[in-house]
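Participant: The structure's right below; bear with me while I get my questions together.
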Amino acid sequence: MHSKAHTVFICHDCGARAAKWSGQCPECGAWNSLAQTTPSKPSTRPFGHYAGECGVKPLAEVARTDEMRFATGSAELDRVLGGGLVQGSVVLLGGDPGIGKSTLLLETMARLSGNAPALYVTGEESLRQVALRAKRLGVRGEGLQVLAETALEAILATAEEQRPAVMVVDSVQTLHGAALGSAPGSVAQVRDCAAHLVRFAKQTGTAVFLVGHVTKEGQLAGPRVLEHMVDTVLYFESDSASRFRLLRAVKNRFGAVNELGVFAMTDSGLREVKNPSAIFLTRHGVPVAGSGIMVTREGTRPLLVEVQALVAGSPLTHPRRVTVGLDGTRLAMLLAVLHRHGGICTSTDDVFVNVVGGVRVSETASDLPVLMAVLSSLRDRPIAQDWVMFGELGLAGEIRPVPNGEERLQEAAKHGFKRALVPANNKPRRGRSPSGLGIVAVERLDQAVNTLF
Ligand code: TYD
Ligand code: MG
């Protein structure tokens, strides 16, 4: 009985704890992901205490200088970080294996090492492999220190001796600490190792990048369990088989979330994509039904993307509503509004909606474009290719304004669009609409339908 109290079951996917084993994780619903672990004993200070600020202080006396940032030399990465890398911050870079995490960080570190001491710790590759990759990337990085090591104690000792301004640990899943109470390779171990690195960063002012693989299977902990410990969480994603890579901030204590950086993987490493709207827009030779262009905002930047819809008679009693890159429940809601306030019923049709290019849109400005694409498919009437749209739809059938309308319109004008369907309250004041762009402002759903169809 007694020993039972000393074991817990930890989910490999989400890190949730359970007292009893079960086939499915009660938190995240993953199957067969619970593993028995001995909880880590509060460690009796196995690692050094790093010189730095500690002790209690009145808030007013804490120096309130702005956080010190340094540019990483990549405009895309800097923007996603919220305007550069903050001293002493910990950034978790997650992503599927092979997506380009090591490539991105090696390039970045090589660039940074010209101005500041930089340390790249790899637990996955040999130093020779790192050197070969650097050669292939065409980066020199003469000042960059590299270390192939997986023992946490050794990494911290080296870091303390070198005192780098920036350090990369690639990847956090390969780390192990002998003095930690948790089992090697367990979620608890990964978390404990990360906790020590976070403490090191806070106490010394070294900015730390932790690489974490997103793994569904396998015995390694996913980076999700680390999200709450770090300052910034970036995910590197890609549409399958596409050479474009999206770097997304999902948490940032020093900047906006949902900020998006776009890169292209080339033979010689990652290249920044300065004009992402251009790659997400597919210009069809002839207008096709079921396609509409929307102006969304990712973080602080407007982005033009294509929404596609397919509406087809369904053989099912419960027709399907499938979305890719959008919220599925919202589609159901929009279709209900279309029925109630537009008099257009899709209850016997399957409705599929897809955002082209692997972009995920989470803002409500997609409501109007989604419904217009659905209607276009339903009626088999293409929307002319010079239209762009954005706007939120209310349950009463009203078209509601969205933030930063003018900026969105400017982006549309920049890409040569001629007509914009926007909420009435987003209509720019006289003289402020971008030249060459005709703006049609609508207040209600039926006005929008009448304008396009
Ligand atoms: P990598 O950075 O090793 O991925 P991660 O660290 O996220 O696991 O990227 C590996 C992939 O990138 C690999 O499939 C080859 C490709 N790649 C290029 O296309 N060009 C390059 O210059 C480099 C270095 C890698
Ligand atoms: Mg790697």
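Only the coordinates and a few stated rules stand behind these numbers; no lab work does. Please read these numbers as outputs of a predicted model, since none were measured by experiment. Neighbour counts are summed over all protein chains in view; Cβ atoms, including those assigned to glycine, are modelled from backbone coordinates with ideal geometry.
Participant: If a paramagnetic tag sat 7 Å from the Cα of GLU125 along the Cα-Cβ line, which residues of the stretch 261-281 would have the backbone N under 19 Å from that point?
Facilitator: Residues 263-272 fall inside that zone.
Participant: If R₀ is 35 angstrom, what is the calculated FRET efficiency for the pair VAL440 and ALA264, using the beta carbon separation as r and rounding to 0.05?
Facilitator: 0.50
Participant: Over every pair of different alpha-carbon atoms in the stretch 279-452, take the mean of 1/r and invert it; report that Kirkwood radius in Å.
Facilitator: The Cα-based Kirkwood calculation yields 15.9 Å.
Participant: Relative to the present Cα-Cα distance, how much length would full extension add between LEU395 and ALA71 at 0.36 nm per residue of separation?
Facilitator: Difference between extended and current length: 112.2 nm.
Participant: Take every Cα-Cα distance within the chain, group them into 20 Å bins from 0 onward, and report for each bin the whole-number percent of pairs it holds.
Facilitator: Pairs per bin, as whole percents: 22, 45, 29, 4.
Participant: I would also like to ask the following. Where both partners of a DSSP beta bridge lie in the stretch 279-452, what percent of those bridges are antiparallel, to the nearest 5?
Facilitator: Percentage antiparallel, nearest 5: 60.
Participant: Now for a different question. If packing is taken as the average number of other Cβ atoms within 10 Å across a peptide's residues, how do 304-316, 73-85, 136-148, 187-199 rank, most packed first?
Facilitator: Taking the mean over residues of other Cβ atoms within 10 Å, the ranking is 187-199, 73-85, 304-316, 136-148.
Participant: Apply 1/(1 + (r/R0)^6) to the Cβ-Cβ distance of ARG140 and SER242, taking R0 = 30 Å, and write down the FRET efficiency to the nearest 0.05.
Facilitator: Working from the Cβ atoms, E equals 0.50.
Participant: Looking at the chain, how many pairs of lysines come closer than 20 Å at the Cα, when each pair is eight or more places apart or spans two chains?
Facilitator: Count of close lysine pairs: 12.
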